[in-house]
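Quick notes on the structure that follows.
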Amino acid sequence: MIDYRNLRVALLGAGVVGSQVAALLLKHADELADRAGAGLELAGIAVRDIDAPRDVDLPRELFTTDAESLIVGADIVIELMGGIEPARTYLLAAINSGADVVTANKALLATHGPEIFEAADQVGAQVYYEAAAAGAIPIIRPLRDSLAGDRVQRIMGIVNGTTNYILDRMDLEGAEFADVLADAQRLGYAEADPTADIEGYDAAQKAAILASLAFHTAVPLEAVHREGITRIDKTMMDAARRAGYVIKLLAVCERLTGEGTGGGDAISVRVYPALIARAHPLASVHGANNAVFVQAEAAGNLMFYGAGAGGVQTASAVLGDVVSAARRHIAGGVGVGESTRANLPVVEIGRAVTRYQITLEVSDLPGVLATIAGVLSDGRVSIATVEQALIDPATGETTSTATERGAATARLVIGTHKAREQDLSETVERLAESDVVGRVVSVLRVEGD
Ligand code: NAP
């Protein structure tokens, strides 16, 4: 057995993830020491309540409520408390006292990342955050290291397990949103207050982190366009299925070049429910799993897939970071800072370019299609496909026999070629005001081509 130098590891938080990290650090101490080239001594675990029940049995003497004292003298500080404060203050204190830090805190990095990275740069420390973007899935290191010699063009990520679980069940079972959400809450896939997941806040934080790394630009959370999945209903799901698509909540981080970017490159970062072709690899991401699809100039298409959450799964990513931090600590030298030198402008959603599927209820009269085509063409939105179905006035469902029963309304599903979001939304407003359109049923972006 090699007599390694011991590094002091301070753990802040022993909840879903922290308790698993502590258990694995203790259980695999020898193996981790061999991999890290240093003993990883768990010096203590800071929590709010020492007597709170834990998911795993951990030695009581390791627990403390005094996080500040625990940080002093630590070589590596692992922050798994979550939230902004006091996590931010503790991380900054750890960095300033010479520790390398590991965190899974997406909320903190998406809002205070530049401040934390700057503090680390000042003292030559390193911030590790593999678990902050998609749980167990290695995506931070591939973006930061493996693709450092390439140019990322686009990332499309399913980065929120709760919403993927809900949309997947709606797709597979034809269920309604509210029913699946209630089930997800009962099974522990969704929180009692599901807002952060279903309104896209969690995915937006991850999108900001991924875009910052991929495009070497500090992307503030406010620059991420965000829409949730609460308006997705069974009718939209059924229509998507019939058209060969599935609806997924996607985080799209994209490099824009050419027209509309003012000459140089710019980036667009957005989170919304979008249609994706069933043949696309992201369409096969089921249940609460996550996946990140990366398109890079030289590497081409890459996909990273796996568990985006879960205590022990996330602990795997955290421990990988701890081993990296230990290796760096032993090797010495300054940490590698976050590169934000590209400093690309982040454009508003109006300048994003994508395809759309517009569903309208229209009067079933001659000339209607020509009127609608005119509105679209005036708005610089070009039609790729049109499908029409009549609506049965008795049931409100589409039918092929409704005409005999007196239907005067039809449902039009229009697929567009690529258009600018700004042009599209102005055109949809004009369609909504048009005499021949009864109702704009839905407008969904089509991603993945
Ligand atoms: P959690 O279950 O709520 O655990 C939080 C822990 O932090 C608890 O042990 C709590 O102490 C402790 N804590 C909170 N405030 C504290 C304070 N002021 N002082 C001292 N200790 C404090 O959280 P989690 O689910 O493990 O998540 C931890 C982090 O990992 C978050 O940033 C989260 O976003 C991220 N993450 C989680 C997952 C996941 O699957 N859960 C996946 C990826 C990333 P008590 O136990 O005494 O209450």
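The values are calculated or read from the model by the stated rules, or taken from the named source; none is laboratory data. The shown structure was predicted, so the numbers you read here are calculated from the model rather than taken from an experiment. Reconstructed Cβ throughout: ideal geometry from the backbone, glycine too, with neighbour counts over all protein chains shown.
Quick look at the values:
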read-out	value
Members of the stretch 29-48 that are over 12 Å from V323 (Cα atoms), of a type outside the set (A, V, I, L, M, F, W, C) and within 31 Å of the chain's Cα centre (by Cα)	R48
Those residues of the stretch 83-109 which are within 16 Å of V16 (Cβ to Cβ) and either among the basic types (K, R) or out of contact with any helix residue (DSSP H, G or I) (no Cβ under 7 Å at 6 or more places or on another chain) (or both), in sequence order	K106
Enumeration of residues in the stretch 94-116 that are within 13 Å of the ligand (Cβ to nearest atom), among the charged types (D, E, K, R) and without any contact (Cβ under 8 Å) to a residue 60 or more places away in the chain	none
Tabulated pairs, the stretch 364-387, first farther than 19 Å from R420 by Cα, second assigned to a helix (DSSP H, G or I), C-beta under 8 angstrom, 6+ apart or interchain	D364/T403; V386/L369
Count of the stretch 284-303 residues which are in contact with a helix residue (DSSP H, G or I) (Cβ under 7 Å, 6 or more places away or on another chain) and in contact (Cβ under 8 Å) with a residue 60 or more places away in the chain	9
Selection within the stretch 423-437 - of a type in the set (A, V, I, L, M, F, W, C) and buried (at least 16 other Cβ atoms within 10 Å of the Cβ)	L424, V428, L431, V436, V437
Those residues of the stretch 17-33 which are part of a loop (DSSP other than H, G, I, E, B) and either modelled with pLDDT under 95 or away from the ligand (no atom under 16 Å from the Cβ) (or both), in sequence order	H28
Every residue from the stretch 66-84 that is loosely packed, with under 15 Cβ neighbours inside 10 Å and more than 8 Å from the ligand (Cβ to nearest atom)	D66, E68, S69, V72, G73, I84
Count of residues meeting criterion [surrounded by fewer than 17 Cβ atoms within 10 Å (Cβ to Cβ), part of a loop (DSSP other than H, G, I, E, B) and not charged (D, E, K, R)] in the stretch 265-309	5
Selected residue (only one of D202, D179 is part of a helix (DSSP H, G or I), of a type in the set (D, E, K, R) and crowded, with 21+ Cβ neighbours inside 10 Å)	D202
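Rundown of residues vs (1) among the basic types (K, R); (2) outside any helix (DSSP H, G or I); (3) on the phi > 0 side of the Ramachandran plot; (4) under 20 Å from the mean Cα position of the chain (by Cα), yes/no style:
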{"residue": "A107", "(1), (2), (3), (4)": "no, no, no, yes"}
{"residue": "E115", "(1), (2), (3), (4)": "no, no, no, no"}
{"residue": "Q122", "(1), (2), (3), (4)": "no, no, no, no"}
{"residue": "L167", "(1), (2), (3), (4)": "no, no, no, yes"}
{"residue": "Y189", "(1), (2), (3), (4)": "no, yes, no, yes"}
